[in-house]
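Novice: Starting off with a structure, shown below.
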């Protein structure tokens, strides 16, 4: 017997037929004697319709009201899922965020889960009732108002529920069948990883992999929740019910690095095409230059990723290059231009035709020379590196987006990730 | 300064443009210094979609889950209305049933409001904030689960909010501009009633008038809430803001009969075409015959309206005629046929081609001879009466539906209701 959290995203619950498919996955686990909590997103499209109405009502809307409107989508799915489960003879009920309660911060629209009191749902699940919980939403316990976690927040809801239930596994059902060494649409030789460490998954998420939301991985890492990524489109009866000794048969387990026996130096190659590069030319050589540039950007809630500073052609000024999300580029340029007299610079140029390619692996900690290998392989292909950032287990390079596919394939082969 | 509750139904909030129109009605009141609570239904069509999904999930669904799903519609409208009001510079927030809280019985799908603690919304409204409250829904305080009040329940929500706020008036905005002496589509000479008593409105509602939900009138009567019916499709700036001395300028006020100065003997003629007649022929003459027929119908939750018992042609048996809602006719016949051996009868015949015509007026209490006048007028037109029921302030007759319009026009003229 295992305690299992099963999370289904918007495409998995897009209509009542798909919800019936989800219910069959749940029934498989219940029939095997597992204790189950289900976390559901809104039917795909529902949240977009709600957001469109909110924007039609007013572009400048109160985020508390935005949350009240947008959270209704998950409420519908949770109720429908409970009804279908009951029609299959399964003891089930729906729980809204405020009923659990999923307690969050007051940051409406992008709230953080602060805790889930264990009593309510744990008692229900222990008693054999399937708890169908709305993802994405919670309640600010101080005001009693509904909050939402931001797009993709249902993954985080699922991990938080797994923490509250002391679950054996948190299964994230999605439209891919696991985490791959890189995107299989670009590299057909990409391999599914049976296991990946929290740290690697976190770096992959921030480097562009869209499989799991960053915050859900952080939460899983802090609380050591064994999280698994698997496909909801596999026929429910073609899968074995969860047992502690068969988790590795399907999907990808995100877990502690101690649980990964055979470690590669590099586990995966991630890429992100939604970055944009801004270069500020001939910045005045005054103290505090970085603060004068990045302070106004931070005030505008624009995240800066890579930063490179170098001497300009005239040898007397610095050029400053950095990247932001491509969607933020217009706002970032506006901020920089407004602050021109304060910063002091000659000109600013930008480009969205860039891609960030990252090699990620916990093995890098104990292996020197990974960066050198990587730069040499890219140079051999004639690919110019525009910027570099590194962490203990990641090396990212910014390149021209025209070379993105070549770079991913080259690095995938270089680090021995190609399937044989 | 007045405390005003404003209720808007589904067609008045059918899309964001209509919600903006609703907000202009609210702004008119706020600008005049009135304290306002708004009660909204779901966007028209939204509830039908949600109900359709529930039925697709399972015909036999848990009513608690039905409520969780269906209540989401009002949540969306309340949030959108608050956003639009804020965009007009009005201090407003949305309240869901569980937040107010609107406490109800546990009868999911058709719960009754048991009370609204006054503190939360009263404090908000007194402080000048517009409280936008979801109609139709509440919470069972024992279980903490969402309940709904049944179709049309938003009228009742509005009256209950008016009770909690000690409101001066509960304005029900709808798609007609008041309560009429009869349906103006049938009798062009029908007149809008400036005032109508709770008792008359209650009889009109149960006699087929669809302007206000019966339970909302009951609640208004018990708590003496001055309730007004008026149209949301009048241009918001063409109406005067509420003052205690101008309520009668528009719409119809439902109030205590003491507040109605000039009383007519008959205030209105109502009709209902959705009745069906069942006649059980030659019922065995045993004791307890009514219980044997109406017991099984009550067990099947089928409401019986008019009942006539008379001696059959052979002089030795009784025939029993009664009416049910036309939609219930197939189920009622099934129940009667199943109980045939228990009841003991020769045959059963039925017809949905009947109409119930009612004359309603508190003046009947002190005027004799109204029934005789009515029967004579109908007889003069050659209209046969199939059944009769009366209350202290109402006389209803069942007639062939072919004569419905003639009967309504005849009685409207007879009792001096035609506009001059």
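The values are calculated or read from the model by the stated rules, or taken from the named source; none is laboratory data. No experiment lies behind these values; they were computed from the predicted model shown. So basically every Cβ, Gly included, is an ideal-geometry build from the backbone, and we count neighbours across all protein chains shown.
Novice: Evaluate the following for residue B:14: is it touching a helix residue (DSSP H, G or I) at 6+ places or on another chain (Cβ under 6 Å) and assigned by TED's automatic domain parsing to the domain that holds residue B:228? Lay out the reasoning, then the answer.
Specialist: Numbers: touching a helix residue (DSSP H, G or I) at 6+ places or on another chain (Cβ under 6 Å): no; assigned by TED's automatic domain parsing to the domain that holds residue B:228: yes.
So residue B:14 does not fit the description; no.
Novice: Can you name the number of the only condition in (1) within 30 Å of residue B:406 (Cβ to Cβ); (2) surrounded by fewer than 21 Cβ atoms within 10 Å (Cβ to Cβ) that residue B:238 fails?
Specialist: (1)
Novice: Regarding residue B:90, is this residue more than 9 Å from chain A (Cβ to nearest Cβ), assigned to a loop (DSSP other than H, G, I, E, B) and touching a residue at least 60 places away in the same chain (Cβ under 8 Å)? Explain how you work it out, then say what you get.
Specialist: Details: more than 9 Å from chain A (Cβ to nearest Cβ): yes; assigned to a loop (DSSP other than H, G, I, E, B): yes; touching a residue at least 60 places away in the same chain (Cβ under 8 Å): yes.
Considered against the rule, which asks whether it is more than 9 Å from chain A (Cβ to nearest Cβ), assigned to a loop (DSSP other than H, G, I, E, B) and touching a residue at least 60 places away in the same chain (Cβ under 8 Å), residue B:90 comes out as yes.
Novice: Output the residues belonging to segment B:174-198 that are in contact (Cβ under 8 Å) with a residue 60 or more places away in the chain, touching a helix residue (DSSP H, G or I) at 6+ places or on another chain (Cβ under 9 Å) and not in a loop (DSSP other than H, G, I, E, B).
Specialist: Result: B:174, B:195, B:196, B:197.
Listed here are the residues, each with its yes/no results for (1) under 18 Å from residue B:362 (Cβ atoms); (2) surrounded by fewer than 21 Cβ atoms within 10 Å (Cβ to Cβ); (3) at pLDDT 90 or above.
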{"residue": "B:168", "(1), (2), (3)": "no, yes, yes"}
{"residue": "B:173", "(1), (2), (3)": "no, no, yes"}
{"residue": "B:217", "(1), (2), (3)": "yes, no, yes"}
{"residue": "B:233", "(1), (2), (3)": "no, yes, no"}
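Novice: Restricting attention to segment A:343-356, and to residues there that are over 11 Å from residue A:400 (Cβ atoms) and under 29 Å from the mean Cα position of the chain (by Cα), which single residue is surrounded by the fewest Cβ atoms within 10 Å (Cβ to Cβ)? Before you say what the answer is, go through the steps one by one.
Specialist: Kept after step one, since they are over 11 Å from residue A:400 (Cβ atoms), are these residues of segment A:343-356: A:343-350, A:352, A:356.
Subsequent filtering for residues that are under 29 Å from the mean Cα position of the chain (by Cα) retains A:350, A:352, A:356.
Values: A:350: 18, A:352: 14, A:356: 25.
Filtering first and then ranking leaves A:352.
Novice: Specify which of the listed residues (B:102, B:76, B:84) is within 20 Å of residue A:98 (Cα to Cα), modelled with pLDDT of 95 or more and within 7 Å of chain A (Cβ to nearest Cβ). Give the derivation first.
Specialist: Values: B:102 fails: within 7 Å of chain A (Cβ to nearest Cβ); B:84 fails: within 20 Å of residue A:98 (Cα to Cα).
Residue meeting the stated conditions: B:76.
Novice: Return the total of residues in segment A:296-321 being within 16 Å of residue A:277 (Cα to Cα) and surrounded by 13 or more Cβ atoms within 10 Å (Cβ to Cβ). Steps first, answer last, please.
Specialist: As a first pass, look at segment A:296-321 and keep what is within 16 Å of residue A:277 (Cα to Cα): A:297, A:302-310, A:319-321.
With the extra rule that they be surrounded by 13 or more Cβ atoms within 10 Å (Cβ to Cβ), the set shrinks to A:297, A:302, A:304-309, A:319-321.
Count: 11.
Novice: Same structure, new question: If a residue counts only when it is under 30 Å from residue B:33 (Cα atoms), which strands (runs of 3 or more DSSP E) contained entirely in segment B:223-302 have at least 1 such residues? Please lay out each step first, then the result.
Specialist: On the way: elements: B:227-231, B:252-255, B:268-283.
Where strands (runs of 3 or more DSSP E) fall fully within segment B:223-302 and carry at least 1 residues being under 30 Å from residue B:33 (Cα atoms), they are B:227-231, B:252-255.
Novice: Now a separate question. Give segment B:389-420 a look and list any residue that's in contact with a helix residue (DSSP H, G or I) (Cβ under 8 Å, 6 or more places away or on another chain) and assigned to a strand (DSSP E or B), or say none.
Specialist: Those that are in contact with a helix residue (DSSP H, G or I) (Cβ under 8 Å, 6 or more places away or on another chain) and assigned to a strand (DSSP E or B): B:390, B:391, B:394, B:395, B:397, B:399.
Novice: Does residue B:111 satisfy the criteria of being touching a helix residue (DSSP H, G or I) at 6+ places or on another chain (Cβ under 9 Å) and part of a helix (DSSP H, G or I)? Break it down stepwise before answering.
Specialist: On the way: touching a helix residue (DSSP H, G or I) at 6+ places or on another chain (Cβ under 9 Å): yes; part of a helix (DSSP H, G or I): no.
Against the criterion (touching a helix residue (DSSP H, G or I) at 6+ places or on another chain (Cβ under 9 Å) and part of a helix (DSSP H, G or I)), residue B:111 does not qualify.
Novice: Return the residues of segment A:218-251 that are touching a strand residue (DSSP E or B) at 6+ places or on another chain (Cβ under 9 Å) and without any contact (Cβ under 8 Å) to a residue 24 or more places away in the chain; say none if nothing qualifies.
Specialist: A:221
Novice: If a residue has to be more than 7 Å from chain A (Cβ to nearest Cβ) and either in contact with a helix residue (DSSP H, G or I) (Cβ under 8 Å, 6 or more places away or on another chain) or closer than 9 Å to residue A:87 by Cβ (or both) to count, how many in segment B:48-59 make the cut? Before the answer, list the steps.
Specialist: Pass one, segment B:48-59, residues more than 7 Å from chain A (Cβ to nearest Cβ): B:48-49, B:51-52, B:55, B:59.
This time we only want the ones that are either in contact with a helix residue (DSSP H, G or I) (Cβ under 8 Å, 6 or more places away or on another chain) or closer than 9 Å to residue A:87 by Cβ (or both), so: B:51, B:59.
Looking only at that region, the number is 2.
Novice: Would you check which residues across segment A:2-41 are buried (at least 23 other Cβ atoms within 10 Å of the Cβ) and facing another protein chain (nearest Cβ under 10 Å) and list them?
Specialist: Matches in segment A:2-41: A:19, A:23.
Novice: Here are the criteria: (1) at negative phi; (2) not in a strand (DSSP E or B). Tell me which single one residue B:138 does not satisfy.
Specialist: (2)
Novice: Just to check your reading of the model, which residue among B:266, B:304, B:254 is without any contact (Cβ under 8 Å) to a residue 60 or more places away in the chain and in contact with a strand residue (DSSP E or B) (Cβ under 9 Å, 6 or more places away or on another chain)? Step through it out loud before you land on a result.
Specialist: Working: B:266 fails: without any contact (Cβ under 8 Å) to a residue 60 or more places away in the chain; B:254 fails: without any contact (Cβ under 8 Å) to a residue 60 or more places away in the chain.
The match here is B:304.
Novice: Quick one: in segment A:368-389, of everything that is within 13 Å of residue A:266 (Cβ to Cβ) and without any contact (Cβ under 8 Å) to a residue 40 or more places away in the chain, which residue is surrounded by the most Cβ atoms within 10 Å (Cβ to Cβ)?
Specialist: Here is the first cut: in segment A:368-389, the residues within 13 Å of residue A:266 (Cβ to Cβ) are A:369-371, A:373-374, A:377.
Still in the list and also without any contact (Cβ under 8 Å) to a residue 40 or more places away in the chain: A:369, A:371, A:377.
Numbers: A:369: 10, A:371: 14, A:377: 16.
Looking at the filtered set, the residue picked out is A:377.
So that you can scan it fast, the table gives a plain yes or no per residue for (1) over 24 Å from residue B:221 (Cα atoms); (2) within 14 Å of chain A (Cβ to nearest Cβ); (3) out of contact with any strand residue (DSSP E or B) (no Cβ under 9 Å at 6 or more places or on another chain); (4) surrounded by fewer than 23 Cβ atoms within 10 Å (Cβ to Cβ):
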| site | (1), (2), (3), (4) |
| --- | --- |
| B:126 | yes, no, no, yes |
| B:137 | no, yes, no, no |
| B:146 | yes, yes, no, no |
| B:161 | no, no, no, no |
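Novice: Separate question: Could you check how many residues of segment B:253-299 are modelled with pLDDT under 85 and touching a helix residue (DSSP H, G or I) at 6+ places or on another chain (Cβ under 7 Å)?
Specialist: Counting residues in segment B:253-299 that are modelled with pLDDT under 85 and touching a helix residue (DSSP H, G or I) at 6+ places or on another chain (Cβ under 7 Å) gives 2.
Novice: State all residues of segment B:94-107 that are buried (at least 24 other Cβ atoms within 10 Å of the Cβ) and in a strand (DSSP E or B); if no residue qualifies, say none.
Specialist: Within segment B:94-107, B:94, B:95, B:104 qualify.
Novice: Do we find a residue being on the phi < 0 side of the Ramachandran plot and either assigned to a loop (DSSP other than H, G, I, E, B) or not assigned by TED's automatic domain parsing to the domain that holds residue A:212 (or both) anywhere in segment A:73-87?
Specialist: No, segment A:73-87 contains no residue that is on the phi < 0 side of the Ramachandran plot and either assigned to a loop (DSSP other than H, G, I, E, B) or not assigned by TED's automatic domain parsing to the domain that holds residue A:212 (or both).
Novice: Also: Tell me, yes or no, whether segment B:55-63 has at least one residue that is in the same structural domain as residue B:138 (by TED's automatic domain parsing), out of contact with any strand residue (DSSP E or B) (no Cβ under 6 Å at 6 or more places or on another chain), buried (at least 24 other Cβ atoms within 10 Å of the Cβ) and assigned to a helix (DSSP H, G or I). Quick ask: steps written out before the conclusion?
Specialist: Applying the first criterion (in the same structural domain as residue B:138 (by TED's automatic domain parsing)) to segment B:55-63 yields B:55-63.
Of the ones still in play, those that are also out of contact with any strand residue (DSSP E or B) (no Cβ under 6 Å at 6 or more places or on another chain) are B:55-63.
From what is left, the residues that are buried (at least 24 other Cβ atoms within 10 Å of the Cβ) are B:57.
Pick out the ones that are also assigned to a helix (DSSP H, G or I) and you get B:57.
The answer is yes; a qualifying residue exists.
Novice: I've got another one for you. Going by what's in this entry, would residue A:133 be described as outside any loop (DSSP other than H, G, I, E, B) and more than 9 Å from chain B (Cβ to nearest Cβ)? Explain how you work it out, then say what you get.
Specialist: Working: outside any loop (DSSP other than H, G, I, E, B): yes; more than 9 Å from chain B (Cβ to nearest Cβ): yes.
Against the criterion (outside any loop (DSSP other than H, G, I, E, B) and more than 9 Å from chain B (Cβ to nearest Cβ)), residue A:133 qualifies.
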